[in-house]
1. Being within 17 Å of ILE100 (Cα to Cα), over 12 Å from the mean Cα position of the chain (by Cα) and surrounded by 12 or more Cβ atoms within 10 Å (Cβ to Cβ) is the filter here, so list the residues in the range 12-29 that pass it.
2. Being among the aliphatic types (A, V, I, L, M), at pLDDT below 90 and out of contact with any helix residue (DSSP H, G or I) (no Cβ under 6 Å at 6 or more places or on another chain) is the filter here, so list the residues in the range 23-66 that pass it.
3. Please verify whether ASN2 is surrounded by fewer than 18 Cβ atoms within 10 Å (Cβ to Cβ), in contact with a Lys or Arg (Cβ under 6 Å, 6 or more places away or on another chain) and touching a residue at least 24 places away in the same chain (Cβ under 8 Å), treating the condition exactly as stated.
4. Among all residue pairs at least 6 apart or on different chains, which show Cβ distances below 6 Å where the first residue, located in the range 40-54, is without any contact (Cβ under 8 Å) to a residue 24 or more places away in the chain and of a type in the set (Phe, Trp, Tyr) and the second is part of a loop (DSSP other than H, G, I, E, B) and surrounded by 19 or more Cβ atoms within 10 Å (Cβ to Cβ)?
5. Step by step: first the residues of the range 35-71, then only those that are within 20 Å of LEU8 (Cβ to Cβ) and of a type in the set (D, E, K, R), then the one that is least open to solvent (accessible area, probe 1.4 Å). Which residue is that?
6. Restricting attention to the range 86-107, and to residues there that are of a type in the set (D, E, K, R) and closer than 16 Å to HIS17 by Cα, which single residue is surrounded by the fewest Cβ atoms within 10 Å (Cβ to Cβ)?
7. Could you list, in sequence order, all residues of the range 35-62 that are assigned to a loop (DSSP other than H, G, I, E, B) and either under 17 Å from ILE5 (Cα atoms) or aliphatic (A, V, I, L, M) (or both)?
8. If you take the residues in the range 84-105 that are in contact (Cβ under 8 Å) with a residue 60 or more places away in the chain and either in a helix (DSSP H, G or I) or touching a Lys or Arg at 6+ places or on another chain (Cβ under 6 Å) (or both), which one is farthest from ASN62 (Cα to Cα)?
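The values are calculated or read from the model by the stated rules, or taken from the named source; none is laboratory data. Predicted, not measured: the structure shown is a model, and the values here were computed from it. Ideal geometry is used to build each Cβ from the backbone, glycine not excepted, and the neighbour counts take in all protein chains shown. We work out accessible area using only protein heavy atoms, side chains counted, and drop any ligands, DNA or RNA first. Shrake-Rupley method; radii C 1.70, N 1.55, O 1.52, S 1.80 Å.
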Amino acid sequence: MNIDIKVLSSKLEQYTHKLILKNEKCTKINLVKLLLSGMKSFHSNVLYVGDASDLTNLQPTNYPINLLCINYHKASAYSKNSNIILIDTDKNKYTIFNEIQDIIFKLKNIDIYIWKNY
């Protein structure tokens, strides 16, 4: 099951955040990974969670990716065709990563419950 990045963003109401959609064709997420400095391979259906400092060593991509960037005020624009959730928080990327996993788990369980009772 895929979770739309817009739905995921709407579940982050406890944070000051902003969703920037640059590619409407690439909004479905079925996996979450930590963004690591120096990553070279990305997949369009993955949400990469990282701090703004992780973006500094990444090579720009020509294909769409989904990012959740913490402390975005330290970062410049990363990609012309990526979807980015910008979050301003003192929490680290590991805590946010776990919270995102919890949100996705709950959304998938709700969807399964609705499907079974439909």
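1. Step one: of the range 12-29, the residues within 17 Å of ILE100 (Cα to Cα) are 12-19, 27-29.
From what is left, the residues that are over 12 Å from the mean Cα position of the chain (by Cα) are 13-16.
TYR15 - this is the single residue of the range 12-29 that is within 17 Å of ILE100 (Cα to Cα), over 12 Å from the mean Cα position of the chain (by Cα) and surrounded by 12 or more Cβ atoms within 10 Å (Cβ to Cβ).
2. If the condition is that a residue be among the aliphatic types (A, V, I, L, M), at pLDDT below 90 and out of contact with any helix residue (DSSP H, G or I) (no Cβ under 6 Å at 6 or more places or on another chain), then LEU36, MET39, LEU55, LEU58, ILE65 are the ones that fit.
3. On the way: surrounded by fewer than 18 Cβ atoms within 10 Å (Cβ to Cβ): yes; in contact with a Lys or Arg (Cβ under 6 Å, 6 or more places away or on another chain): yes; touching a residue at least 24 places away in the same chain (Cβ under 8 Å): yes.
Spelling it out, ASN2 is indeed surrounded by fewer than 18 Cβ atoms within 10 Å (Cβ to Cβ), in contact with a Lys or Arg (Cβ under 6 Å, 6 or more places away or on another chain) and touching a residue at least 24 places away in the same chain (Cβ under 8 Å).
4. Short answer, once both residue conditions are applied: PHE42/ILE65; TYR48/LEU35.
5. By that ranking, first place goes to ASP54.
6. Filtering the range 86-107 for residues of a type in the set (D, E, K, R) gives 88, 90-91, 93, 99, 102, 106.
Retained after the next criterion (residues that are closer than 16 Å to HIS17 by Cα): 88, 90-91, 93, 99.
On the way: ASP88: 13, ASP90: 7, LYS91: 14, LYS93: 24, GLU99: 17.
So, considering only residues that are of a type in the set (D, E, K, R) and closer than 16 Å to HIS17 by Cα, the one surrounded by the fewest Cβ atoms within 10 Å (Cβ to Cβ) is ASP90.
7. Applying the first criterion (assigned to a loop (DSSP other than H, G, I, E, B)) to the range 35-62 yields 35-45, 56-62.
Hits for the range 35-62 are LEU35, LEU36, MET39, PHE42, HIS43, SER44, ASN45, LEU58.
8. ILE103
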